[in-house]
Every structure is written in structure tokens, then in C-alpha cells.
1. Write down the accessible area per residue of the stretch B:46-356 in Å², having rolled a 1.4 Å probe over the full set of protein chains.
2. Which aspartates and glutamates, on any chain, are close to residue B:223 with Cα under 17 Å apart, when same-chain ones fewer than 8 places away are left out?
3. Would you look at the GNM of chain B, springs on alpha carbons closer than 10 Å, and say which of B:328, B:180, B:25 moves the most?
4. Taking each label point as 7 Å beyond Cα in the direction of the beta carbon, state the distances from residue C:20 to the same residue in the other copies, shortest first, in nm.
5. Give the accessible area for residue B:332 in Å² (nearest 10); use a 1.4 Å probe, count only protein heavy atoms, and leave out ligands, DNA and RNA.
6. Determine ³J(HN,Hα), in whole Hz, for all residues of the stretch B:194-208 in sequence, where each value follows from phi through the Karplus function 6.51 cos²θ - 1.76 cosθ + 1.60 and θ = phi - 60°; x replaces Gly and Pro.
7. Give me the net charge for the shell around residue D:86: Cβ to Cβ below 11 angstrom, other residues only, Lys and Arg +1, Asp and Glu -1.
8. Report the residue, chosen from B:41, B:127, B:89, that carries the largest GNM mean-square fluctuation when chain B is represented by alpha-carbon nodes joined by springs under 10 Å.
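The values are calculated or read from the model by the stated rules, or taken from the named source; none is laboratory data. Remember, predicted model here, so these are calculated numbers, not experimental data. Cβ coordinates were reconstructed from backbone atoms using ideal geometry, including for glycine residues, and neighbour counts include every protein chain displayed. When the accessible area is computed, the model is the full protein with side chains, heavy atoms only, and any ligands, DNA or RNA have been set aside. Shrake-Rupley method; radii C 1.70, N 1.55, O 1.52, S 1.80 Å.
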4 protein chains.
Amino acid sequence: MVARKDSAAFDIERFQQEVRTEALEPLWLQAANVLSPEPVTHVQPYLWRWTLVRERILQAGTLVPLGKDGADRRVLALKNPGLRLGIATTQTLTAAVQLVHAGEQALSHRHSPAAIRFIIEGQGAWTVVDGQPCSMAPGDLILTPNWTWHGHVNAGNSPMIWLDVLDVPLVVSLNQVFYEEYPSGLQPTERAHDDSLLRYGAGTLLPTWEHPRTAYSPLFSYKWEHTVARLHDLAQMDGSPYDGVALSYTNPFTGGPVLPTMACYIQLLRPREHTRAHRHTASVIYHVVRGQGATIVNGTRLAWGPGDTFSLPTWVWHEHVNDSDIEEAILFSVSDMPVLRALDLYREEPYVLNGGRQSECTG
Amino acid sequence: MVARKDSAAFDIERFQQEVRTEALEPLWLQAANVLSPEPVTHVQPYLWRWTLVRERILQAGTLVPLGKDGADRRVLALKNPGLRLGIATTQTLTAAVQLVHAGEQALSHRHSPAAIRFIIEGQGAWTVVDGQPCSMAPGDLILTPNWTWHGHVNAGNSPMIWLDVLDVPLVVSLNQVFYEEYPSGLQPTERAHDDSLLRYGAGTLLPTWEHPRTAYSPLFSYKWEHTVARLHDLAQMDGSPYDGVALSYTNPFTGGPVLPTMACYIQLLRPREHTRAHRHTASVIYHVVRGQGATIVNGTRLAWGPGDTFSLPTWVWHEHVNDSDIEEAILFSVSDMPVLRALDLYREEPYVLNGGRQSECTG
Amino acid sequence: MVARKDSAAFDIERFQQEVRTEALEPLWLQAANVLSPEPVTHVQPYLWRWTLVRERILQAGTLVPLGKDGADRRVLALKNPGLRLGIATTQTLTAAVQLVHAGEQALSHRHSPAAIRFIIEGQGAWTVVDGQPCSMAPGDLILTPNWTWHGHVNAGNSPMIWLDVLDVPLVVSLNQVFYEEYPSGLQPTERAHDDSLLRYGAGTLLPTWEHPRTAYSPLFSYKWEHTVARLHDLAQMDGSPYDGVALSYTNPFTGGPVLPTMACYIQLLRPREHTRAHRHTASVIYHVVRGQGATIVNGTRLAWGPGDTFSLPTWVWHEHVNDSDIEEAILFSVSDMPVLRALDLYREEPYVLNGGRQSECTG
Amino acid sequence: MVARKDSAAFDIERFQQEVRTEALEPLWLQAANVLSPEPVTHVQPYLWRWTLVRERILQAGTLVPLGKDGADRRVLALKNPGLRLGIATTQTLTAAVQLVHAGEQALSHRHSPAAIRFIIEGQGAWTVVDGQPCSMAPGDLILTPNWTWHGHVNAGNSPMIWLDVLDVPLVVSLNQVFYEEYPSGLQPTERAHDDSLLRYGAGTLLPTWEHPRTAYSPLFSYKWEHTVARLHDLAQMDGSPYDGVALSYTNPFTGGPVLPTMACYIQLLRPREHTRAHRHTASVIYHVVRGQGATIVNGTRLAWGPGDTFSLPTWVWHEHVNDSDIEEAILFSVSDMPVLRALDLYREEPYVLNGGRQSECTG
């Protein structure tokens, strides 16, 4: 072995090169990349305009057939421009829009990534989740948890468009993807339409003869008329300083999030409501159900209107504004918070300067 | 809008190009990449020979000083040859070897990735975890959970070498790294040596005046003499068909894994013990404490001896063999199983053909 | 000491007498009393007719004033005829009827026994629970958990009568009664009417800004129109073989029972529905909301009609019958099941002979 | 109906008499009995001297044979002098002493009341718990949980005497007693001696191949040499202000109490240690393992020495004193605290006057 100080024969550069050929990596060359003082992410706050997204998915509807000679799913992923590969909207979540034309079916399959659907437009379609048709109407939330069979049927007479959010980037990064097609196309119906809604939809009165043991909510459907009524009921309350009247969709058997990997929320911002800023380590997909406003992210204003979808990266300051004097604004969102809580990685922090609101850099 | 069938002016290729400039990605171009029937991983089963690793970390000990003019930590990561970047040994775990020479200190810092240390050689050193010195001797397990301060002191007179396992790839992929250096170098000692061992080490008799509420085990030290005694005590039992006499290091306040992201195990294979094969979705780092044997991974034999470390990817068939007629073999291991269980992604499956053992492809 | 066999000087009778003066009791004299093969109870299956109970509580209404010169509460307990002392309906539960006349108040107090109210008749009254007025109308369920302040106000113009169920016998037998009167009479209103219903009443959409940590449901009110609608919604389902369409009132934050000591249920028996028999170790108070039928208890028929209340002892075979060809029957019930589950004492067993139904002894 | 004020014909006394014949009890006649400001108990603080108890159980050993012509168990219950009936030491717990002579067996049975044994003297005996012999030596704790078979065998050559603590009064008051004799006398041995100790005794290293799902600790034995070693190890710590160095025996799979109804503790009072006073709603059985001292209960001094057993009622102020300048004192205790916690009835309060110590009334 060679002494360190006076050696020319065996220097550190050479050592580093050599060990790299031996599947060894000097930590001192990587530590600065890895151990950042605060989270580093390539995820950008980014907003997809509904006018554009709608036009594009309708174009896809003319170009891409569903089924054997086309696509299994007619979906455009909202790919975060900060991320190079794949279909990620944040590091854990994929948001996408999906179109099923009147008369079409998207055949049944299942996968270990979980998904939620939030319906944007159309009537008369349903998703068959583990044999149970879940009806789809604008504002409805439908769950297709990890490894549940699901196929889509549009028996109406207008195009059905919805927002998908999946935990695909998470499950891919964990190398945990399983996928299977239903052997015979569309899974037959084994239960009544909206059966789980009937059974479990009144979260405070549950059937005594059922004892679901799933890690996800056995309630698969959350209907819009109920959701919006609750928002209006609670609109008189102070609500959250950071989110206005924000409600968590819950598993009625636990009170917890609907899926082990994704939590869903609906929030109402009253006319001119401007929330305080905070940041947290969850990343979030927001979708605007109604209203005009903006979310200020690290000092930059993302202005939004109906149908728009935007991404909120990890650990960014953010606050919400309803720009209208008259109209309410409603945002639906999906967060990876349950992942971070389960792994003891969740943090949040209020913005304390300037009365709790960021000074805006741009508009 | 252009009709699909007869249009030449607006074809699907052009559509796909165009939407990609608009942060939209056609799912049908990605689905086959993403939705694999079974987990796809670039992680390879790979074994690092102790003779090589030891030689290289001792060379690093002569080349790389610790501290201001050198490295914060003198560490060689066991970088999986299947992964291009970074310091990952599996998609969630980093294994590494660390050396602290007699008289050296590695100053205190903390980070959101959690770590464990399993001591390989040396005497007279300790790690200060949140003010508590944890003594280090071969075979000891020491925890430095998420965001606990930790620094290392070698007050002995020989080099101290240990195995580190961290959840760095997991925490990096979740964009959740926080890192902070202790303001004044080494954190002062605030508690007695091995204080948590004194308080909580007898897992069945716990102090009534303490109510730890951490998500991780408040017991930071698991000493080898106790561990090996337990293995020998239990060696008369059948044990696990897949792992022999395998014990889980537990949090005495929950009976669960020591950390929310990593579970640690010690397992003894009796002379000539050859376990049955199974596969699971956890990825694992194994380190050979003693003995000669092999782990057969998807039909390929990874032969191992004392000090060797190897990686087990997700969802591979594996079985363990002690090749000796006389000597026991002992493997320490770290698994990401708690992550997968928390996210409802854990699966396991026994190998049912051929009496539960793979036919070996290679030796 | 004296040898056993041949001694006349010191016999066992004398020994037994002597040790009893020393606070020692020979177990062999008590074992047969204590260790019964199956539960022994003095609780009888007993039915209180509503016509009688109503007449009597109205008479109490003319005889017993509320307040300083009268009673704190105008309540008649349904005392089980099998129990000698006190106000117990089962060994753990007290059922009672309470009357508050128009214009009267029952002042605020709190106690460690928990209570529920199920409203029988009247309009325009409310109970103030920890500062929150909970409105009362027939069929409503109101909780006043352990140590919550509660007072009753009848601001309507008719008598208000309800069923109280408390865990008084349980808490008394555990020697755990605490009791306190509100210093200034009726606790002032600090929240809006039915505030908890507004906040938590939609069990599947919960406010994100609230994190109740109580061991009891923070939802204090369950309104009849919602309850009965759910029963009708679910009436098309098979339901429970033992209870028909039986729903559990739940804590929306846990999915569990409303109180740690009492679970509440509502069940609908369809015309001519006759359930199978089973037995369990819970004791139950049943109250008939509507319909005509019977519950067969250990072969004896307890015939019931609207307003009747009856007790079901521990470990008795029982099945329910709706005697009407046309009308539904609805039973409200309160069970000590959560106590037994928490203490690992709950058992249940189906009746397997005779097609699952007892042969009736009497009518 | 008769008006209240001017009626002589129908007065309240007559009403009260009449309704009592109808299984109705006016609450206003009972409320003062039931709703006490603080817990009322007939349980007295009482101490049983070991010299007396030992003499009496040995006399029983000469008078009362074990087995068919004698008693199932040769047990003297420490019956609280404040309680009229039965074998209760507190309202929930029965303490007793049991003797099995050399060569004797107490045949196997099981019951829904749970029991613990704390060995006082003798060697060479064991209890067979669900087929597993648990060895008995002074200071050992053995569990026989709810509905586990258990029989006792003294294969040594000296009398075996131990303290039993059962939750009999609790289970009786809940009307939940089930009891069954083992069909063929003593249950055969199905596992090795102290098998559970071997499997689970190292609470921080648990077998991966076992997943006990019992509500009680699957570890049935806690050996004295380990217990006392832990006390000495921790004797350097401050410990609890109320209890000195007090340790909870735990279920290694949960960190919680050993049984759902009873928690067991061991506590060491250092020479001249005099703890602070507090009170709590748990009732407790204390047994003196070694040392001379006193427990001051609501101002009255209960002086104790080795082998003495005493009862602590609910909600009494109490503090402990070791009277020796030289010797440690050790108390074993059993508490009904898990019951109260499960039912949300547990409270505790420190004594704040007089530096935290009661002024003593008597000695």
C-alpha cells in the first residue's frame, strides 16, 4: 500500500476510476448530488389549459381507435415538462385525460398502480370496477384501486372525458408494476350499478353484515351532487387557512385517505378568498372544476379557469386565490401525502412573512 | 377538425409530435413500457467480494482524508452494475462500506434518508445518535433514523469498518431529501453510552416513565452477543422454510420493523441447510456474517463467504444454501418490505415446482 | 400443625370459618358460583310496553317538577326485574325514558358514564352537548359521550320524550363514576345548531382542517330522515341473516362504534321477514321504532309494537320476526359489544338446528 | 290525568310505589346514589401479611386435598374486607395464593377470566399453558390468558406457592364467564418447556416465521433472573417520580400490556427512596418481592415486608417508601389499567401540595 501524501504512483483519480469498474462508487463524489439541504425536484409547476387539452383529446378521438387495432386506452398524459422520460406529472403521480366515445368500450385490465377518475364531461358511461359498474357524470370521483379489474363503457350518446390520476411514477420507481388483461375483454357485471355507493355511501351508517378488509376504500364512487352540496353546506365555516373549505374524500371504514398511495380532496374558494401560503413535501395534481383564480407557487402566479389542470411540486410555497367577486371556485386535487406519511417523510410549514402571503413575482 | 379515415393532411404521427411539444404524451406510446406483466427492474443480483471491498476501502483510507480537506464520510457505495447513475444498490436501498481510522471523527449531520450500520470490523468506536453514543463492535446493528443527528468517533486503535444501508434511492426518487450539518462539528454527548439499549433493550420489560412516539424504533442499538445468542437458542426450531432461523429486529414499542422504510433481519442456516425458494416484491441487501454458502437467484448461484454483500432484486426466485457440513452460516439483511406493505404493494409467492427448489443454471 | 387425616382437633370447617375472619376466602367454596360453564346473568329478557311507559312518564310530568325544587332529570329507568338494586336494564346498560315539557330546561352536567338519546316524540327541543345544540326530532340519535357537558332545552310547544341509554351499570361496577354540575345552570351555546352534523355528517367527505382525537365520535347527531332513507335504500339487499337490513351508526373518523362502550344500530325487517337465530355475549337494549313483530329469546316470544323497549341478556338465542304482511318493522338498538371486543370477551354463535330457527315455547 | 298541584288523590309517593311494580325506577330516587362527584368504592386499601397467608395456605395444604375428592385448586383468595360477597380483591381483580404440594397436579381447565401467576416459593413445578409447560421459580411471571388451557404440575420436592391474580370480578360483573374442564385431566405437553420464552423472550428479535394474532401476549413466561437484572440495570436512572424504577411487562408483538384486561409491573425502590404521590382510576394489587417499606394511601401508611400483598383502590392518593438505608425494595403489581384505557375511563392526577407528598395520618 502506498502512503497518501507523497505518492504519485497511486493517486486518488486513478483509484476512483478503478473502483468504478468494480461496482463501487465513492460517496464523496456523489454526496453533494444526493444530500441537498432541501428537496430537489425536476418537477415544475405547470398548467395545462383545458381548451388545449380538450381539443387534443378530441383529435385523438378521431385519430386513434380504441381496441384491437388501436389503443387499449385513448389517453393523453399531462407530462411534466421538467421530466425527460415517461408519463410523469410529478415524481409520484401521473395526470392524464381520457376519452371514450359513445358506443365505445375500453376493455378490462388491472395493474398494481392505482388510479382515480374525476369526470369532466359526458353522460351515460360507467366504469366496471371488480364487476361493479360505477356511473360517470361530471364531478364524480371513481376509484380503481391497486389490482382491481376495470373497464370503461360509454353507453351514452356523447363523448365521455375524464381526468385520470395514477401513482404510476411511484410504482415504476419502486419496480412494482404488475399488469394483466381481463381474459375475455370487458369484465361482466357482477353487481348492481353503483353498488358500493349504495352499501357504503352513507359514511356514518354502515352495513353490519360487511367487513371489508381492503387497504383501500371499498367505496368506489363519490357522486358530484353530494360533493358539491357538502361544499356549500360548509361554505359558511372558516375552513382551512391554506385551502379554504377543503374536504378529504375518505374511506368510511377508517376515516383515512381513499387509497394507500393517493389522497383526494375537493376545495371551495369563496369569492375573493385568498388563502395563506404554506409548503409541504407532498406533490399534488390540481384540477379546476369551476371558477377563475390563481395559485401562486414560489412567487409565480399560475392563473386558472375551468377544466385546467396543474402540478404542484414538492416543498413549494403556495397559496390560492379566487379572482371573482361573485363566483365560487372549486378545485379537485390528488396528493401523494399518504405515501409520505406512511414513510415518515411528510413535513409542512406555514409561510410566516408578509402576513402569510408571498409577494408575487409575476402574473 | 379532420375526419380520421380519409385525411392525409393530419395524420397520427404529426399529432403525436405536436402534442409532445405541448407537454402531452400519448399513453399508447408508453403503455407497453410502463405496464409490464411483472416487475421490471434494472437491479441485478450482484455480489461484492469482501476481499475486494476491504482492500478498496482501506486504500480509500490512505487516499481520502476525513473532514474539512477531505470527505465528510469515507464511504464506497456498492453501486448496482445494472443502474447507471448514483449510488443505488437496489431501486430503494444503498449499501456501502465505511471506514473511520483510529483517532478520526466523522462529524455530525442529519438527513431525511434513514440509515442502519452493521459493524464488520474494529473496536472502540461509537456513533453519536441524537446525542447518544452507540458503541460499535462486530455484528452490532445501529440505527440512525430519518432526521436524527449522527456522527462517528473512532477512539480505539484500529480501523473501524462497517456496512451502511440507507434508503437513499427511495428518498431521492420521492424528491424528499433534506440534509443539515451539525453547526459545531461533532454533536456533544447528551446521554450515556448505549442509553437506549439500557432503557429499551429488554423488549419485554419497558420503562413505564417513557412513552416514545417516534415512527422509528427508539432502541438504536442491537448488540451482536445478544443477537447471536438468540440465533443459537432458536437453532433447534424448524424456522422459516425460506430463510432458516430468521429473526426480525423489532421496535419494542410496536413489534414492527425498526424503521418505517427498512426492516432488518438476521438469519442462521444450519450446516447443509438448503431452504425452499420463493419470491417477493421486496428488494434486499444481504451481508454474510459468517459461513460459506450460496443464494440461488432465478436459477443462478451466487456463492458467498464471510464479509460478502449481495443484492437481491424485486420478484426474483431465491433460496439459500449453507455449503458446509459443519459450520453454521449467518446472513444479515435489510429489506424495503415496510415500504411495500405500507403502500399495499407487497406480494410473495412460493416456488412450487421441483419440491420447492429451483434447478440451478450455473455455479 | 395438625395432620389432615386423623385430626379432630382442627377440621376444615373451623379452618374455613377462621380464615374468613382474616380476609381470606377459600376458593373451593366459591368456584362453583364463579366458574359457570356458560354465562350466568340475572338479566331477564323483558319488554316494557310503550302505552304503559308513556302514561307513566306523562304522569311523572305532572308530579315531578324539573329543577331546583324537583328533579335534575325527569327520568324513569327501565329497571330489569331480574336485578335487585339500582337502575340497570342489563348488567352494563341502563335504558330509560325522559320527558322535558315545553318551556322546561334540564340543566347541564357531565359524568363519566356515557349516554345516547333516541327521540320518541316531540319537536322543538335540543340538547346542548359541549356547547353545541343538537336538535331533537323523532328517530334522531344524539350522543353525549363520557364527560361531555349536556343539558336539554324544550323550546317547542309539546312534550319531548326520548329513550336514554347509558353505560351506568358498567361504569358503576368499575367504580369509575365522576359527576359534575355545570356551574351556571345551562351551558351557553358556543356553536351553531347541529354543528357537528354540518362538519362531519357526510362520513365520506371530512373537513381537512379538523383532526378530532376523541375516543368517541365527534359527530353527535344522526338525523332520522337520513337514517330511514338509508334503510330504504338498502332494503333491496340480503342484509344480515340474523338482523335483516342492519346498519351500524359509526364514528366517521374511524369507521368504528360511536362510543368506546356502546354501539348503536338501526335495523329494518321487511314484511314477513323472519331472521335466523344466533347468540352472542353482548347484551342489548332494543327499541321499536315502527312495526309489529316479535323477538324469540331462548324459545320465548317477546311480541312488540311501536315504542316498546326490550332487553336482550348476554348469550341468549334470539331471532327477529316482522309479523306484518305489508308494513316494515324498524328496531333501534344499543349494545355493549365494544366493551367485550376491547376486552377480548366477545363471542358469537349461529343456531344450527332446525334450519337456524328456534322452536318457540310460548307466545 | 291529574293536575299536580292540587291533587291529594294521586301523589308522588304512590306514583313511585306503583311504577316500581312495573319495572320502572324513578331516576330522581337513584341519581344521588349513582352519580357521585368522584369514584365511590367499597374496596379498601388492605394488606395481607405473608406470615399469616403462608401459614393459612400451608394449613389448607394439610386439610384440603387436590383433585377428585378435594378441590380443583387449593387457593385462598385475598378477599377485600370492604366487599361482602365473592372473592374480589378490588372491583375488577382477585388476588389469591395457591399451593401445589410436591407430587401433586392441578388438572387442566380453561375459563374466560384471565390469570397471571407470580411465583413466591418452591422449585420444580410448571404450569401447562395450551400444551406448553412453563417452568416456575420464585419471581417468575406466567400468563394464562382468557380461554387458554392450564394445569399445574409440581414435580419437585417442596411445596410450590404462588400469587394468582385474575380478572374474575370484572368478567363476573360483565356476565361473561365461560368455563370448561379438560376432558382427560391434565393437558398433555405439546411443546417444549418454556417454548414461548425461547420463541419470543428476546422482545427485540422476533421469529419471522411466526405471526401470532392473539389479543394477549403469546409470550407466557417472564423469568425472574431477567426481570431483576433489568431492574438493576435501570436502577441508575431517575425512573418514574411516582413509582421509582418501574417496568411494564409487555407483549413483544405490540409493546402493550400482557393481557387486554391486566397490566403487570415490577418496580424497584432504592434505599430511602420516597416517591411522589398521585392517584389514578386504576385499581391495583401489589405484592412485595423484597424489602421493607410502606405505601401511604390517602394519608394512611400501609407498612409492608417481603411476601405481603395489598390492594390499592381506585382514585386514592398513594406514594411508596423504601424504609431501608441499605436494601432495595421490589414490588410486583397487577393493574386493571388496560380496561380503563380501552373504555376511555382512565384518569390520573399528580398530588401537587406539600411538595408532592401527603402528610401522613397514621403509621
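1. Ligands and nucleic acids excluded, the result is 31 Å² per residue.
2. Counting by Cα, and skipping residues close in sequence, residue B:223 has these aspartates and glutamates nearby: B:121, B:140, B:164, B:194, B:195, B:233, D:233.
3. The residue with the greatest mean-square fluctuation here is B:25.
4. 2.9, 9.2, 9.6
5. About 0 Å², ignoring ligands and nucleic acids.
6. Result, ordered by residue: 6, 4, 5, 5, 4, 6, 10, x, 8, x, 10, 9, 10, x, 6 Hz.
7. Around residue D:86, the charge tally is +1.
8. Greatest mean-square fluctuation among the candidates belongs to B:41.
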